[in-house]
Amino acid sequence: MADFKTHIATSTLLGLGYGAGAHYWFDVPVTTSVLAGGLCAVSGMLPDLDSGPGRPLRESMAFAAAVVSMMLIDRFEQLGLGTEMIVLAGAGVYLTIRFGLAALLRRYTTHRGMFHSLPAALIAGEVAFLLVSGDVRLRLYKAGAVVLGYVSHLVLDELYSIEWYRGRIRFKQSFGTGLKVLGHHWWPNVSTYAKLALLTWVVVQEPGWMDRVRQQRQALQAGQPAASAEHHSTPGQPATSPSSHPGESPVAEITRKISEWFE
């Protein structure tokens with residue numbers, strides 16, 4: 001089995017090539033290429049999150065908690081959150097990943113289980129797609145970097161499970177536990193593929209959801225300058241308009257309107 005340094009060195013080299021190639025041949029912006037290369041490098045550690053307390057889990061969770069919090073800032077802004085709410089939400093995400101998710105991984109994962117599998121690599125890529133910002137093509141490009149780094153770890157583990165012994169090739173007991181699509185136990189398989197199916201559905205639907213949120217925000221913002229003179233009440237009904245609650249954020253206004261519909 002390859003060690004920590006080997007995995008990181010390999011995924012980092014792949015990340016450099018992945019970022020440089022995209023910038024050189026496809027004119028991907030430098031910042032996007034650098035971010036994708038970094039995601040590929042870090043993803044080389046992800047399969048070993050199932051190894052229990054240790055350096056891969058500790059460093060991966062610390063890095064993920066910080067990076068995910070920053071990556072979600074754009075998404076929070078799209079939802080119309082104010083600066084203070086973005087800070088609080090980011091802090092909540094950091095604590096959840098740094099301590100909550102780390103504790104779950106320590107308790108409920110098995111080393112060389114379904115974390116070391118191709119469906120797990122796809123799940124990691126789909127999570128990355130939901131976290132990163134930009135148009136759909138650039139988001140797919142960044143998600144591909146995560147999948148590439150993840151798969152590099154699995155390939156190295158398989159290669160290191162083959163050795164030359166007394167003039168012939170010998171396969172270690174760990175051979176076949178990296179690049180697999182199914183494990184030995186039914187529940188991890190069901191759980192993994194259920195997550196993959198759910199995330200695939202969310203990934204397909206999410207761009208449309210965010211487009212509708214942006215359109216609603218733009219409609220609300222366009223209606224805010226219109227004073228009550230443009231929104232007259234009919235006899236027997238109170239006047240309602242997007243500007244009836246000055247200073248209200250778009251998300252709060254949408255929530256208020258939904259609650260009014262059910263009253």
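The values are calculated or read from the model by the stated rules, or taken from the named source; none is laboratory data. Everything numeric in this text was worked out from a predicted model, so none of it was measured. As a convention, Cβ positions derive from the backbone with ideal geometry for all residues, glycine included, and neighbour counts pool all protein chains shown.
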Q) Which condition number in (1) touching a residue at least 24 places away in the same chain (Cβ under 8 Å); (2) out of contact with any helix residue (DSSP H, G or I) (no Cβ under 9 Å at 6 or more places or on another chain) is the one that VAL68 fails? A) (2)
**Q.** Condition broken by PRO119, with the remaining ones in (1) modelled with pLDDT under 95; (2) surrounded by fewer than 20 Cβ atoms within 10 Å (Cβ to Cβ); (3) farther than 16 Å from SER60 by Cβ satisfied
**A.** (1)
Q: List the number of the failed condition for ALA62; all other conditions in (1) closer than 20 Å to ALA143 by Cβ; (2) surrounded by fewer than 17 Cβ atoms within 10 Å (Cβ to Cβ); (3) not hydroxyl-bearing (Ser, Thr, Tyr) hold.
A: (1)
Q. What's the number of the condition ILE258 fails, among (1) surrounded by 14 or more Cβ atoms within 10 Å (Cβ to Cβ); (2) outside any loop (DSSP other than H, G, I, E, B); (3) at pLDDT below 55?
A. (1)
Q: Scan the stretch 121-138 and give yes if some residue there is touching a Leu at 6+ places or on another chain (Cβ under 9 Å), part of a helix (DSSP H, G or I) and basic (Lys, Arg), otherwise no.
A: no
Q. Just wondering, is there one or more residues in the stretch 80-87 that are surrounded by fewer than 17 Cβ atoms within 10 Å (Cβ to Cβ), at pLDDT 90 or above and either farther than 30 Å from GLN221 by Cβ or charged (D, E, K, R) (or both)?
A. yes
(Q) Can you find a residue that is of a type in the set (D, E, K, R) and surrounded by 13 or more Cβ atoms within 10 Å (Cβ to Cβ) anywhere in the stretch 40-57? (A) yes
Q. What about ALA239, is it assigned to a helix (DSSP H, G or I), more than 30 Å from HIS111 (Cα to Cα) and at pLDDT below 50?
A. no
**Q.** All positions within the stretch 1-27 that are of a type in the set (A, V, I, L, M) and surrounded by fewer than 18 Cβ atoms within 10 Å (Cβ to Cβ)
**A.** MET1, ALA9, LEU13, LEU16, ALA20
**Q.** Options VAL190, VAL204, VAL251; residue that is under 23 Å from LEU79 (Cβ atoms) and modelled with pLDDT of 70 or more
**A.** VAL204
Q: For residues that are touching a residue at least 60 places away in the same chain (Cβ under 8 Å) and hydroxyl-bearing (Ser, Thr, Tyr), scanning just the stretch 102-158, find the one that is farthest from MET210 (Cα to Cα).
A: THR110
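Please tell me if PHE175 is farther than 17 Å from LEU14 by Cβ and in a helix (DSSP H, G or I).
On the way: farther than 17 Å from LEU14 by Cβ: yes; in a helix (DSSP H, G or I): no.
For PHE175, the condition - farther than 17 Å from LEU14 by Cβ and in a helix (DSSP H, G or I) - is not met.
ALA145 - would you say it is modelled with pLDDT of 95 or more, in a helix (DSSP H, G or I) and closer than 17 Å to SER117 by Cβ?
On the way: modelled with pLDDT of 95 or more: yes; in a helix (DSSP H, G or I): yes; closer than 17 Å to SER117 by Cβ: no.
When the stated conditions are applied, ALA145 does not pass them.
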